[in-house]
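The values are calculated or read from the model by the stated rules, or taken from the named source; none is laboratory data. Keep in mind it's a predicted model, so treat the numbers as computed, not measured. Here the Cβ positions follow ideal geometry from the backbone for every residue, glycine too, while neighbour counts run over all protein chains shown. Accessible surface is based on the protein model in full, side chains and every heavy atom, while ligands, DNA and RNA are left aside. Shrake-Rupley method; radii C 1.70, N 1.55, O 1.52, S 1.80 Å.
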Amino acid sequence: MLQGIQLKANPTDQQKLVLSQWMGCARVIWNAKCDEHRYYSTYARKYCPVGTHAPVDQKTSQFKSKELTPWLSDCPSQIIRNSAVNWYQTYHKHINGQCGKPKKSQNPTRVAFTSPMKCSGSISVKMV
C-alpha cells in the first residue's frame, strides 16, 4: 500500500536559506492560528452566552504587521495562505474525530508547506 512519497532535494546554499525562512513563516502562521483559536475559545467560554463557539477561519491578514512581523511581507502569499488552510483542515478533521486538535509546532525541521519555488536542483523521488 502506498503511504506517501518521500522526496530528497539537494538545494544550493541560497535555496536552503530561502526554504528555511519560508518554513519559519509557515510555522509562525500555524502557531499564531493555534494561539488565536485558544484565545477566542477561552474568551467565548468565559464571557459569551452558553453555546457560543470561537470562530474558525482561514484569515491571516491580522498576522502581517510592519512593526511586529515585517519579515512576513517577504514570504510568498501562497505559503502563508497554505499554512492557514492546513490549520483549518486539521481543525475540521479534529471536529470530525479523524485526528487530534491542532497544536503549536515546536520542531523547526518538520514543517509542511507547499513551495511556489521552481526546482532547478537535483531531486530524487522514493515511494514509501
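Can you go through Val85, Val56 and tell me which one is more than 18 Å from Leu19 (Cα to Cα), without any contact (Cβ under 8 Å) to a residue 40 or more places away in the chain, touching a helix residue (DSSP H, G or I) at 6+ places or on another chain (Cβ under 6 Å) and β-branched (Val, Ile, Thr)? Outline the logic, then answer.
Values: Val85 fails: touching a helix residue (DSSP H, G or I) at 6+ places or on another chain (Cβ under 6 Å).
Just one listed residue meets the conditions, Val56.
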Restricting attention to the stretch 62-92, the residues that are open to solvent by less than 100 Å² (accessible area, probe 1.4 Å), more than 16 Å from Ile29 (Cβ to Cβ) and of a type in the set (D, E, K, R) number exactly 0
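Residue-by-condition table, conditions (1) farther than 26 Å from Pro76 by Cα; (2) open to solvent by less than 30 Å² (accessible area, probe 1.4 Å):
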| site | (1), (2) |
| --- | --- |
| Leu2 | yes, no |
| Gln6 | no, no |
| Thr12 | no, no |
| Leu19 | no, no |
| Cys25 | no, yes |
| Cys34 | no, yes |
| Arg38 | yes, no |
| Val50 | yes, no |
